[in-house]
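Notes follow the structure.
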Amino acid sequence: MGISLSHERYEQIKRTVVNMFVRYGVSCVPVNGFELAIKMGIRIMPYSSVARSQMHLLLKKSADGFCVEKSIGEWYIFYNDKMEYGRINNTIMHEIGHIVLDHSEDSELAEKEVKFFAK
């Protein structure tokens, strides 16, 4: 059946999102993931910015995108720019969720949390 989040955790994530919106001046939906990431100081890198010979490594990591902390507090989100805009925006919001929720590992719980966060 999988992992489920408690009511309290859903509420914590909602408060985190609201606080983030206030902090970064988000006042309308849908949220533009690119704009939010820039306001947060997160570098956004399309897969096409990487040498063609290295593209398979990105796609092996994720068909959609992923985030990397290159040094403490220096975040990058890599995304597959061959996807349609809605999917790209959701991927960026999903990865922002991993950063904001301070996920340090890939897990079913982390994925459940960021799917809710990105909605």
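Of all residue pairs spaced 6 or more apart or on separate chains, those with beta-carbon atoms under 7 Å, a first member in the range 26-39 that is closer than 19 Å to Arg87 by Cβ and a second member that is surrounded by fewer than 16 Cβ atoms within 10 Å (Cβ to Cβ) are Leu36/Tyr24.
Is there a residue being over 12 Å from Ala37 (Cβ atoms) and at pLDDT below 95 anywhere in the range 91-101? No; the residues of the range 91-101 include none that is over 12 Å from Ala37 (Cβ atoms) and at pLDDT below 95. Of all residues in the range 74-89, those that are surrounded by 19 or more Cβ atoms within 10 Å (Cβ to Cβ) and outside any strand (DSSP E or B) total 3.
Counting the residues of the range 26-73 that are assigned to a loop (DSSP other than H, G, I, E, B) and of a type outside the set (D, E, K, R) gives 15.
Are any of the residues in the range 29-45 modelled with pLDDT under 95, surrounded by fewer than 15 Cβ atoms within 10 Å (Cβ to Cβ) and out of contact with any Asp or Glu (no Cβ under 7 Å at 6 or more places or on another chain)? Checked against the condition, which is being modelled with pLDDT under 95, surrounded by fewer than 15 Cβ atoms within 10 Å (Cβ to Cβ) and out of contact with any Asp or Glu (no Cβ under 7 Å at 6 or more places or on another chain), the range 29-45 yields at least one hit. Selection within the range 46-56: residues that are of a type in the set (Ser, Thr, Tyr) and without any contact (Cβ under 8 Å) to a residue 24 or more places away in the chain. The member of this set that is surrounded by the fewest Cβ atoms within 10 Å (Cβ to Cβ) is Ser53.
Answer with yes or no whether Val50 is out of contact with any Lys or Arg (no Cβ under 9 Å at 6 or more places or on another chain), β-branched (Val, Ile, Thr) and closer than 24 Å to Tyr10 by Cβ. No, not satisfied.
The values are calculated or read from the model by the stated rules, or taken from the named source; none is laboratory data. Keep in mind that what you see is a predicted model, and the values were worked out from it rather than measured. Counting neighbours? That spans all protein chains shown, and the Cβs are built from the backbone with ideal geometry, glycine included.
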